[in-house]
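The values are calculated or read from the model by the stated rules, or taken from the named source; none is laboratory data. What you see is a predicted model, and the numbers here were worked out from it, not measured in a lab. Positions of Cβ are generated from backbone atoms using ideal geometry, with glycine treated the same way; all protein chains shown enter the neighbour counts. All accessible areas refer to the heavy atoms of the entire protein, side chains included, with ligands and DNA or RNA removed. Shrake-Rupley method; radii C 1.70, N 1.55, O 1.52, S 1.80 Å.
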Amino acid sequence: MATIPPTQAPGTAEYAGDEIGALVLDPGSHSTRAGFAGEDTPKSVVPTHYGVLPTGERLFGDNAIHLPKADLEIKNPYNSDGIVEDWETAAKLWEYTITSRLTGARQTPPSKNGLNDAKDENGDTNMDEGMEQLEEQEKPLQEFPLLMSEPAWNPAKERQKTIEIAMEEWGVPAFFLAKNGQLAAYSQSKATALVVDIGALNTSVTALWDGMVLQKSLQHTPLAGNWLNDQIRIMFANNQPPVPLVPHYMVKSKTPVDANAPSSATYVHFDKPPTDSFRKLEEERVLTSFKESVVQVWQGPGRLDSPASQGGVTNGDYVKSMPPKPFEMPDGWNTVFGLERFKVAEGLFDHNAAYTDDKTKKPSGEQTIISVVNKALQAVDVDARPVLLNNIILTGAGSLIDKLPERLQADIQAMYPNPRVRVLANSNSVERKYGAFVGGSVLASLGSFHQMWVSKEEYAEHGAQIVDKRCK
Amino acid sequence: MAATERRTSAPARSFKRARVSRPPAHWEQTSIGDRPDVPLLKHWQKAAAQTPSFAKYKVEPEVPEFSDEQYEEHLKDPNWTLEETRYLIETYKGCNGKWTVIIDRYEKPERTMEDLKARFYAISAVMLQLETPIQSMTAPQYKMYETLKDFNPKQEMSRKRLAEGHLHRKKDEVDEEAVLLAELQRIMANQESLDSLREDLRKRLDYPKANTNSYQYSTSQALHALWQQLVNADRLRKNQRLRPVGPGQSATSIEGSTSGQTPASARPRESNAGTTQHEPSPASNTKLTEKDKRRFGITEVGPGEKLPSGVSFASDKLSKPRIAKSTVQTEKIAAVLSHIGVPDLIPLPTPPVIEAFESLMGKLHTLLDMRKVAEKEEQELRVREAEAGAQVKEE
Ligand SMILES: Nc1ncnc2c1ncn2[C@@H]1O[C@H](COP(=O)(O)OP(=O)(O)O)[C@@H](O)[C@H]1O
Ligand SMILES: [Mg+2]
């Protein structure tokens, strides 16, 4: 996930710190992204999942959490609505994302590193003295103004908690909180747009007018990346023969086998197998690569099951005539997927097409991406709607499914045949993945943004409520 | 904003041939902007250069200001309280005067955007007039005052209802519009080609030129205005559905045909002189006397004249023009020719014969064109008369 291999430190020459010292942090439920303002990709990308050892120690970062260890539990600080639940961990994770790759860990001040302490008779050092005043110097981000993104539906309490952490734990000199939809629009140089952000836990819709978020337009639905993973799991289970989902860590070596034939691989033997949560995380990685290389959205017009022409032929029948795509599991088991590779994504647009099992209920018609886009549009002034329809921005890593932009465009145009509908989806997948970060990077390096920061002094004077006034 | 650090650039190395020696520049690091509380931007610049200021970006929209007494005296409205009026003005300010955002943020759901606009404009009008009495307003001020006063919320509401209906027009209605537009396109193209036909004919007849467009769109003026309006509206679309018609964009180019328009320069010059002899190489047809040329029927192509490509026979020049696009036309031509005694087969296609035949054909075509136009005009007259008759009957 990280943009630079974890073993390689970013070159010092790449820093734009001389001009702009601001940091941008875009925390998501799937990954946490951070970098310096003015740069076009986040230098630091860390999975939001973290590991917990039985001792209670938390492990962050790709290297730590993907290594099979007995008793390593995988957790995520977000709740199912995409809002931070475990604040303590979230704060640590965010701090790790910034300090591990960008600012460097703070140095222990000489007065505290133990080398300069006068020892008493027992050889113990006196630690209490001077702690108060030292506190100030120890905060990790004292030199860096910080721009953070948040989900549009972040509750007031959580917003205040965020500024508190930034100001008090990290000691930032200035802070700002922006909606991630708003930032994604800025990354495309748009101040007026309807942003559709397909992430891991949620797909959200945000209307932006002249740079200001229209509060009544805000919508979100759980039909997003993780939901799609569940659809694929059900499809795998119902496939003939069922598709065995085997993550990489279980396989020691494999030999090629024919399609649908049992795999011929040596598996790793664990005295105590890794936890279910670990296995789930690793399975999701396989599913993500399946989404990346196999899954495709029926591009429209119409649904997968709507008639393609006279004579009872549906779009699905047409799709069946296309060559199927192969996929190989880490243990060598492989098969091809024809209609199924379209069917798994169809539920995002047509709730009746969703796969269901005893754990996964059929979504309601209100929850499809098209319905939430429509609800958002209905909540804004009539005169604004054609403008927004002409500037629909698609962002988020979950939107990287093949032909998804085309389908979104076709379905919205079918709903509004008259005005001109235009879906803008950056063809560069990095830009699409990091839309909110890139927009934040642009915003924080604009001279005109300078007036917007909440400074440390202002925070001291007004308290955490200042985010409600300043960051609308 | 004070310099925090100073640096001197490396002393200029003196190269032998360097003529100009610049004094070393001093650079200083400053934090820029007007917010000393936000030490955000650190910036190296030449010493004593001006620090950029971002204060200019802090703009607030102008709002009417009034005291509580002024409110009591001039601005009271049974539907509004002083508090809500002030809240409206604060919201307007907070949203930079963008009504789309104001209605979004306004915390009283029962108010429509038109209510808010009506109230805000009414207050602005009153305050404007209190500040500058109407008699002493400048023209732009008065215009502003009138616009503010004339805001009609009811009309706005019904306009919005229409706009909403327009957004949700059905697919078949949109398709129908596309068909109608195509039809209009065709009508306009036909009008245009008929127009140019007439123009052409009049030129051939050396008709005294009328100084206005000779064809009066007496009843189609509205159509024309509509056309213009549609074309202008269409320009804003990316996939345009209408193409302008008019001189320079005659009917042929609308049908997308460019046949026979290949530039002459793009073709290799052929050596056939357009009559009987086809000379294999250009070198061999030089050195012929005027008399020989006449004898062999050779004509020279002047510079800039265009020749059709390939081989053609002189006899073709006497037979091909007799055949028109339509059989009706061909028959008409044949009838005229036999009437004036031109035989079907002319034995010797010499240049003078061809020339005579061509001039005859030119006249014949003029005649036929005139007849065509006369017929068209007659037809139109009959239609107009029928229309007039129908109108009279209706009344
Ligand atoms: N190439 C890809 N194709 C399809 N889905 C992808 C791709 N890469 C990542 N995803 C999915 O995108 C989701 C993460 O999206 P992201 O925008 O990073 O979420 P968040 O902002 O919530 O962290 C995950 O569900 C992941 O499986
Ligand atoms: Mg996101």
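Some observations on this one:
- With respect to the conditions (1) crowded, with 18+ Cβ neighbours inside 10 Å; (2) outside any strand (DSSP E or B); (3) within 16 Å of ligand 2 (Cβ to nearest atom), A:GLN409 lacks only one, and its number is (3).
- Subset of region A:376-394 [surrounded by 20 or more Cβ atoms within 10 Å (Cβ to Cβ) and of a type in the set (Val, Ile, Thr)]: A:VAL380, A:ILE392, A:ILE393
- Leading residue by the ranking (farthest from the other protein chains (Cβ to nearest Cβ)) among those in region B:69-81 that are part of a helix (DSSP H, G or I) and among the charged types (D, E, K, R): B:GLU73
- Selection within region A:66-107: residues that are more than 16 Å from ligand 2 (Cβ to nearest atom) and of a type in the set (A, V, I, L, M). The member of this set that is surrounded by the fewest Cβ atoms within 10 Å (Cβ to Cβ) is A:ALA105.
- Residue within region B:344-357 that is under 30 Å from B:GLU199 (Cα atoms) and free of Cβ contacts under 8 Å to residues at least 24 places away in the same chain present: yes
- Candidate set: region A:219-234, residues that are of a type in the set (S, T, N, Q) and away from chain B (no Cβ under 14 Å); chosen: the one nearest to ligand 2 (Cβ to nearest atom): A:ASN226
- Scanning region A:349-394 for residues that are in a loop (DSSP other than H, G, I, E, B) and within 10 Å of chain B (Cβ to nearest Cβ) turns up A:ALA379, A:VAL380, A:ASP381, A:ASN390.
- Single match in B:ALA178, B:ALA122 (criterion: over 30 Å from B:LEU82 (Cα atoms) and among the small types (Gly, Ala, Ser)): B:ALA178
- Out of A:ARG407, A:ARG422, sole residue that is in contact with a Phe, Trp or Tyr (Cβ under 8 Å, 6 or more places away or on another chain), at pLDDT 95 or above, more than 13 Å from ligand 1 (Cβ to nearest atom) and basic (Lys, Arg): A:ARG407
- The combined condition, being under 24 Å from A:ILE370 (Cα atoms) and not small (Gly, Ala, Ser), is not fulfilled by A:ASP271.
- Per this entry, A:LYS403 is not counted among residues that are of a type outside the set (A, V, I, L, M, F, W, C) and within 16 Å of ligand 2 (Cβ to nearest atom).
- Residue match in region A:251-268 (condition: within 16 Å of ligand 2 (Cβ to nearest atom), charged (D, E, K, R) and in a strand (DSSP E or B)): no
- Per-region count, region B:125-155, residues surrounded by 15 or more Cβ atoms within 10 Å (Cβ to Cβ) and of a type in the set (Asp, Glu): 0
- Residues that are in contact with a helix residue (DSSP H, G or I) (Cβ under 6 Å, 6 or more places away or on another chain) and more than 14 Å from every other protein chain (Cβ to nearest Cβ) within region A:171-200 comprise A:LEU177, A:ASN180, A:LEU183, A:ALA184, A:TYR186, A:SER187, A:VAL195, A:ASP197, A:ILE198, A:GLY199, A:ALA200, listed in sequence order.
- Whichever residue in region A:448-462 is open to solvent by 20 Å² or more (accessible area, probe 1.4 Å) and free of Cβ contacts under 8 Å to residues at least 60 places away in the same chain and, among such residues, is farthest from the other protein chains (Cβ to nearest Cβ): A:HIS462
- Of the criteria (1) open to solvent by 50 Å² or more (accessible area, probe 1.4 Å); (2) under 26 Å from A:ALA64 (Cα atoms), which one A:SER277 fails: (1)
- First in region A:207-218 and at negative phi, second anywhere and among the polar types (S, T, N, Q) and assigned to a helix (DSSP H, G or I), Cβ under 6 Å, 6 or more apart: A:ALA207/A:SER217; A:LEU208/A:GLN182; A:TRP209/B:THR100; A:VAL213/A:GLN182
- Scope region A:210-234; condition within 14 Å of A:LYS362 (Cα to Cα) and more than 13 Å from ligand 1 (Cβ to nearest atom); matching residues: A:THR221, A:ILE234
- Residue within region A:340-347 that is over 24 Å from A:LEU394 (Cα atoms) and touching a helix residue (DSSP H, G or I) at 6+ places or on another chain (Cβ under 6 Å) present: yes
- 3 or more residues open to solvent by less than 10 Å² (accessible area, probe 1.4 Å): qualifying strands (runs of 3 or more DSSP E) within region A:134-244: A:146-150, A:174-179, A:193-198, A:203-209
- Filtering A:ALA444, A:ALA436, A:ALA397, A:ALA425 for residues that are under 23 Å from the mean Cα position of the chain (by Cα), within 10 Å of another protein chain (Cβ to nearest Cβ), crowded, with 16+ Cβ neighbours inside 10 Å and small (Gly, Ala, Ser) leaves a single hit, A:ALA444.
- Figure legend. Inter-residue proximity from region A:21-39: first residues away from every other protein chain (no Cβ under 14 Å) and within 13 Å of ligand 1 (Cβ to nearest atom), second residues open to solvent by less than 10 Å² (accessible area, probe 1.4 Å) and among the acidic types (Asp, Glu), beta-carbon distance below 6 Å, spacing 6+ or different chains. Indicated pairs: A:ARG33/A:ASP26.
- Selection from region B:82-114 of residues that are surrounded by 12 or more Cβ atoms within 10 Å (Cβ to Cβ), more than 14 Å from every other protein chain (Cβ to nearest Cβ) and not aromatic (Phe, Trp, Tyr): B:LEU82, B:GLU84, B:THR85, B:ARG86, B:LEU88, B:ILE89
- Close pairs from region A:422-446: first farther than 14 Å from A:LYS190 by Cβ and within 14 Å of ligand 2 (Cβ to nearest atom), partner open to solvent by 40 Å² or more (accessible area, probe 1.4 Å) and not in a loop (DSSP other than H, G, I, E, B), Cβ under 6 Å, at least 6 apart: A:LYS433/A:ALA397
- Where A:ASP258 falls short, out of the listed (1) more than 14 Å from every other protein chain (Cβ to nearest Cβ); (2) touching a Gly at 6+ places or on another chain (Cβ under 9 Å): (2)
- Residues in region A:28-40 that are of a type outside the set (Lys, Arg), in contact with a strand residue (DSSP E or B) (Cβ under 7 Å, 6 or more places away or on another chain) and either open to solvent by 40 Å² or more (accessible area, probe 1.4 Å) or within 16 Å of ligand 2 (Cβ to nearest atom) (or both): A:SER29, A:SER31, A:THR32, A:ALA34, A:GLY35, A:GLY38.
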